[in-house]
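Values quoted throughout were computed directly from the atomic coordinates according to the rules given, and no laboratory measurement underlies them. Remember, it's a predicted structure, so these values are computed and weren't measured experimentally. So basically every Cβ, Gly included, is an ideal-geometry build from the backbone, and we count neighbours across all protein chains shown.
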């Protein structure tokens, strides 16, 4: 007798909602064991990570921070999810994020020190355009030559990182920065500053953009013919062809949109929370967003929740570090575990486990 | 500027050393991808191998045992990925990224007691006669054992893929897993074995950095070598011989860049550093026209629905 | 706007309340840019933290957060420490400058100390070390010891701090060995062991028999050891595991005394915003033991130079000095002011090549 997976006719609604919960509980147990091995009180550590940011003494500060940390993740992941649904794999969002930040910041700095209302909107457009253009490289290569977009978009991340270093040390370097690398700080340039809309709320324009993206993507996927084409292409590429889907347009649309959104995320980050272009400006949002997209099951609302969950583990993890002296590496492992469990248990949504008599798998 | 100060002999010799870690990791990933699996966790497996190898070599005093432990460590970590993607049918890209995150954290925890320690030295092979030959001696015949292990592995992987039944099965699984399954091949088992082979190779590559090339342990010391190995597989268009060529090219550009700087040549470092990736993209484009493409089932999950 | 005021008020009130609670025990926070296990920059700052723990025992509690990215994450990490009742917070990387200043404005009762920056405030001090003083001593030994007259220098990024080090080393190598030549490699990283090893190897292969490094790993030391007949100097930490050869001496970042003194000032209530730039004299820059691989007379000269710098009798940037393009920089006996040093973006006369832009 052995266990065998059997595909469900319909994804299980019960497990759709249950898997994240089970995964979090499994992570708490495994993570607790890890913390115990490191000589920390597991209960206290878990409570610090999951409870403190939301309901602890200083939650009034951490809750807005969840938005700041989660917004770029959600914004990028929403864009990626469109392509992922259609089987178009953009895994170079990190590069598009960098280029969006460079073009957005570049336009803003070109106006410095002029103050005008139109500067910030222009930066937003430049950021989106930069990300879009960077994503168009794998898109055009795919449609024109059939080149694999996974690999081209990944390679372009490294190219973008080198460009970032070049810009931070060269063209965009702050002339008043005593020769240190890094651009001027947008927090001190009102016309180019992506400030909080309500001070202390964490709501900057990037958060607004992320929420709009969630809503638009929901409408697109459920109410619009293009969304139908995306879903159809992912589920049954042949049927999609017969239904009149133009694959070239779809690739250009999906990669372009995800690139533009990643570029926007970079632009909002550089002009707001980060403040300046620097050599280490990118901290992996583009890669984490891929995980967020899958954790959210490529569903807009799921992505929103997954983005906030990731943000929670980041912020809770930081608190655990400084309050309990947990090493950063332990937090990293803890996040890895959470992803492992979510990915593993997710199988139960689409499959059921059957006991069978001897049969080879 | 003084280009004459660059010695081609020494340049080629250090190029071979610089290329070895990415060569080892890329060969492993090549086999993984030929079986239709895309494992983006190479960086995580390399760094885990780096600390496993380092710790065991320090504790036992034997670099050989260290390398063995590195292979085991890398393979053990890759088993997690195998469970996720082959048993739980999770997405390859997400699982691979999670593996890198996990591996970086794990290695840092394991390595806490090993900062600032020198590992036991690995001897260079002093091959009599051959090692004394002009030019070829220092370039080809005076390295440590792992350089030759890497070269031997190129030949072994090439032979296995093209001239053995195991290679045939592996490629069949990678090209069309449903057809391979219908023919009675054990798709999941083949892929798990390929993934573990990939993990072991990545582990060896990581240990080469921590035991020979650097040699020391520090957190995050692989510094992106795993991602370069991924690029290398693509650059090589999934062929073992071209992995070797690519590893020398990638390693060579770094070494050459540093040498040119030392010789006082005014070069734009950033543009040179991005060139391997741009070249890889160009190779990809040329290859797509030439039809020798990626394994058809690359990155797709397989479930035997019968 | 009421919401704003409420939040601002709550932040302040809580900030005050928590520092009041923590009155009996002084809480000192540290923000690190790398992992403690990096064996270099962050490792030495953490040794400073441990020195604080040792000096005050139960009277002080220290907290830290490692691998904090510069930017938005840093601002949150610093705020979090302030919220949790830290009385004194050290932010140990240049990239934390803006976040530190911005958080400090919200927590006027918490003291902040930012390393290597230039923006201070009523409750923000800056501190940095005059590493170039150590470079001068290294340059002297290098100039005397080299037989090939080629000194290799592994530089990180083209910023004033690094350029200052190159100039200081070169001036003092040239002074004792007019034929000396510097070969400089810009690695564009603070920490990438494999690349540092390659850089060291490239320099050695091109004839360098002395390697100076401004990157943090011990990889160049190992490369030199492998090559043989090459000497090196430890950077950031002592790297004494490579003594007596190839490592013949080192520049050690010694933050402990400063951290202890500043913590004491907070406890005594005498803390004031200061801008500290200390060198060998006050002990912020340590010169690691010069090994017996250096002949006794050279060792004595190097120690004399070190003592002269420590006592303030000699400044490593004393004229006559010209810039690389031949223009005059410092007249005879003239000493560079700190402003020129802080923004240094040129090579001195004799160095070859251009600083990358």
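Quick one: grab the alpha carbon gyration tensor of chain A, order the square roots of its eigenvalues as a ≥ b ≥ c, and give me rounded if a/c is under 1.5, else prolate or oblate depending on whether a/b is larger than b/c.
oblate
Just grab the label-to-label distance for residue B:145 and residue C:303, each label 7 Å out from Cα along the Cβ direction, in nm (one decimal).
The two pseudo-label positions are separated by 4.6 nm.
Starting with the fewest neighbours, write out B:109, B:101, B:79, B:24 ranked by other beta-carbon atoms found within 10 Å of each beta-carbon.
B:79, B:109, B:101, B:24
Is the protein assembly as shown best put as rounded, prolate or oblate by its Cα gyration tensor, with a ≥ b ≥ c the root eigenvalues, rounded for a/c under 1.5, and otherwise prolate when a/b is larger than b/c, oblate when not?
Since a/c reaches 1.5 but b/c is at least a/b, the shape of the protein assembly as shown is classed as oblate.
So in the protein assembly as shown, what percent of DSSP beta bridges are antiparallel if you round to the nearest 5?
30 percent
Per DSSP H run of at least 4 residues, take -39500 (n - 2.57); add these up for chain A, divide by its residues and hand me the 222 nm value, nearest 500 deg cm²/dmol.
Counting only the DSSP helices, I get -23000 deg cm²/dmol.
Report, in degrees rounded to the nearest 10, the 0 to 90 angle that the Cα long axis of helix C:72-83 makes with the longest principal axis of chain C.
Approximately 50 degrees, to the nearest 10.
Quick one: A:26, A:254, B:201, fewest Cβ neighbours within 10 Å first, how do they rank?
A:26, A:254, B:201
In a GNM of chain B with a 10 Å cut-off on Cα contacts, which of B:244, B:12, B:23 has the highest mean-square fluctuation?
It is B:12.
In degrees from 0 to 90, rounded to the nearest 10, what is the angle of the helix C:193-205 Cα long axis to the longest principal axis of chain C?
Between the helix axis and the principal axis of chain C, the angle is about 20 degrees.
Considering only DSSP beta bridges with both partners in segment C:28-184, what is the antiparallel share in %, to the nearest 5?
5 percent
Which order do A:216, A:111 fall in if you start with the one that has the fewest other Cβ atoms within 10 Å?
Lowest to highest Cβ neighbour count: A:216, A:111.
Can you give the FRET efficiency for residue A:10 and residue B:267, using 1/(1 + (r/R0)^6), R0 = 45 Å, r = Cβ-Cβ distance, to the nearest 0.05?
It comes out at approximately 0.15.
Hey, what angle do you get for helix B:145-163 against the long axis of chain B, alpha-carbon based, 0 to 90 degrees rounded to 10?
Compared with the principal axis, the helix lies near 30 degrees.
Have a look at the DSSP beta bridges in chain C and tell me what percent are antiparallel, nearest 5.
20 percent
Rounded if a/c is under 1.5, else prolate if a/b beats b/c, else oblate: with a ≥ b ≥ c from the C-alpha gyration tensor eigenvalues square-rooted, which is chain C?
prolate
Peptide C:99-110: average number of partner chain Cβ atoms within 10 Å per residue?
Neighbouring Cβ atoms belonging to other protein chains average 1 per residue here.
Give me the distance in nm between label points sitting 7 Å out from Cα along the Cα-to-Cβ direction at residue B:152 and residue A:246, one decimal.
5.8 nm
Of the residues B:108, B:202, B:152, which exhibits the maximal mean-square fluctuation in a Gaussian network model of chain B defined by a 10 Å Cα contact cut-off?
Checking each option, the largest mean-square fluctuation is seen for B:152.
Within segment C:233-277, what residues put their amide N at less than 20 Å from the label point 7 Å along the Cα-to-Cβ vector of residue C:58?
C:264, C:267-268
Most fluctuating residue of C:30, C:157, C:56 in a GNM of chain C with Cα springs under 10 Å: which is it?
C:56
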